[in-house]
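Laboratory data are not the source of any read-out in this text; all were calculated from the coordinates shown. The structure presented is a predicted model; accordingly, all values stated were derived computationally and were not measured. All Cβ positions, even for glycine, are placed from backbone atoms using ideal geometry, and neighbour counts span all protein chains on display.
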Amino acid sequence: MPIDFTQFHACTTTACSTEMVAAFHLNQPIWDAGIVFDEPVLPTGGPANLWRKPTAIVMVSNRHTGDVYVQGQDYDLSDGVLRILPNSRIPMALKFPNVPNPGAPAIWQPFTKSGAPLRIASDYQQHQIAVTYTAGALGGLVPLIGSVPISARKISERSALAATIYGDSISKGDNATATINEAPHQPGWADLMGAMLSNEGDGEYYWRNVSVGGWDSWTGLVNVQEKVNTVASDLVIIGFGMNDASGGVTSKKFEENLRAMIAAIRKKSPETEFILVSSFLGNEDWKPSNNGLLRDYRVSMIRIVANTDGVALADMTALSESVLKSKSYYDITSNGVNHPGDFLHVGYAQVVSRAIR
C-alpha cells in the first residue's frame, strides 16, 4: 500500500525543529551528556537527591514562573545533595502530593495503597524546580535494543519517512506543559521527536499521532484497522503498557496483543518497521499501580525484538527505573500517578529517536 503523505504532518521551519531542539536541549541525552538540563525536584523541605552524581550546579529555576535562584542564598549543594536553605525564595510544597484534588473523580482512585489521600492533578510541574548541573558519566544504561535499519537509512539520507505513533495518554503527550497551556509550553515526546528528526525544517520526517488516552494494548489491537491501517507507514511506534498494568493484564496477554498488532499492520504494509516503547514506571504508592507488570512487559517486548525483524525497543522502563533509584516519584511526574513531566518527555523523545538517528 503506497504511503499517502498528506495524512501526516511535517516540520518545514526552524521554529519547530532547530529552535525547539535548542530550547529544550534535545540533543543532550539526559542519561549520558556531561550536563543535565532542567532535572525536576519537588521541594518538600528535606534534602533533594539528583539522579546523576552532580559535580556542580549550573542553575536552579522555576520553569513555570521564570524565577532563577541563587546558590548560597536559596540552595546549596552538599555531598551531592541539593539542600534548600533557611529563608530561601524557593516555595515549599510541603505534603503537596497528599493534598487532595477536589476535582479528582472517584474512578481515579485518588488514594495510596495505605489509604492516604493522593493528589491526582496536572499542577505538579508548577511546583517543581528545575536543576541544571554538570555530572559524571552514568554508565551501564543502554536504553535501546534492536534496530529499524530501513527507517534509520531514510533519516540518514534525508529521504521521506512516514511514522505513526500509536499508544496511550503518555504517547499522546498528556500533561506536557504545552498540552495544559503552561510555561514553558514544551510539547509531548512525539512532537519533540519530530523536532529532533526534522533536520532544520527540511520536512522529510512525517508523523501523525493517533494515540488515545486510557487505551491499553487490547483496545489498541481491536482498533488497529481504524486507527493505523487506513494509511500505510514506514514506521509505527507503539507505546502501550501503563493502562495494561493498572488493569492487571498479564504479560502473556500483553505480548500476544503486541504481536497481533504487528501482524495486522504488516498484513497491510509488509515493509513497515516498529519501535516498541516500554512504559516509564508508575507511582508505586498509587492503588492501581503495578510496576512489576511493567517490568514483565519490558521482558515481553525484548522477546518480540529478538525474533521479529525490523523491530526495536525504546527502553523507558529501564531509564525510569534508573531515575527512581535516586529520586522521588513526585519529582518526575506531571499528574502524581502515571504521567511523566517535561523532563521525561525529553527522555522519551531522545530514547525513541536514537533508534533511527
Reduced to Cα centres, the span from region 335-357 to region 1-44 in Å works out to 10
Using the crude model of +1 on Lys and Arg Cβ and -1 on Asp and Glu Cβ, and no other charge, please compute the dipole size for region 1-140 relative to its Cα centre, in debye to 20.
460
Looking at THR134, TRP51, PRO102, which one has the Cα that reaches farthest to the positive end of the dipole of region 35-135 (charges on Cβ: Lys, Arg +1; Asp, Glu -1)?
PRO102
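Taking the inverse of the average 1/r across all pairs of different Cα atoms in region 106-184, what Kirkwood radius in Å do you get?
On the way: mean 1/r = 0.0560 Å⁻¹.
Across region 106-184, the inverse of the average 1/r is 17.9 Å.
At 25 °C and a viscosity of 0.890 mPa s, what translational diffusion coefficient does Stokes-Einstein give for region 214-357, taking Rh as the Kirkwood radius over Cα pairs? Give it in µm²/s as a whole number.
Details: Rh = 15.5 Å.
For the chosen part, D equals 158 µm²/s.
Residue separation times 0.36 nm, minus the C-alpha to C-alpha distance between THR134 and THR13: what's the value?
40.4 nm
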Pop the C-beta distance of GLN225 and GLU284 into the FRET formula with R0 = 35 Å and round what comes out to the nearest 0.05.
0.45
So what's the gap between the Cα centers of region 165-227 and region 235-293, to the nearest angstrom?
15
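Just the number: Rg to Rh for the chain, Cα atoms, Kirkwood Rh, two decimals.
0.97
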By per-residue mean of other Cβ atoms within 10 Å, what is the highest-first order of 140-147, 34-41?
34-41, 140-147
Alpha-carbon radius of gyration plus Dmax, which is the widest Cα pair, for region 35-135 in Å
15.2, 45
Straight-line reach from LYS154: which lysines fall under 26 Å, measuring Cα to Cα and dropping same-chain residues less than 8 apart?
LYS172, LYS227, LYS267, LYS268
Could you give the distance between the Cα centres of region 53-92 and region 100-135, to the whole Å?
22
Please report, in debye to the nearest 20, how large the charge dipole of the chain is about its Cα centre when each Lys and Arg carries +1 at its beta carbon and each Asp and Glu carries -1 there.
680
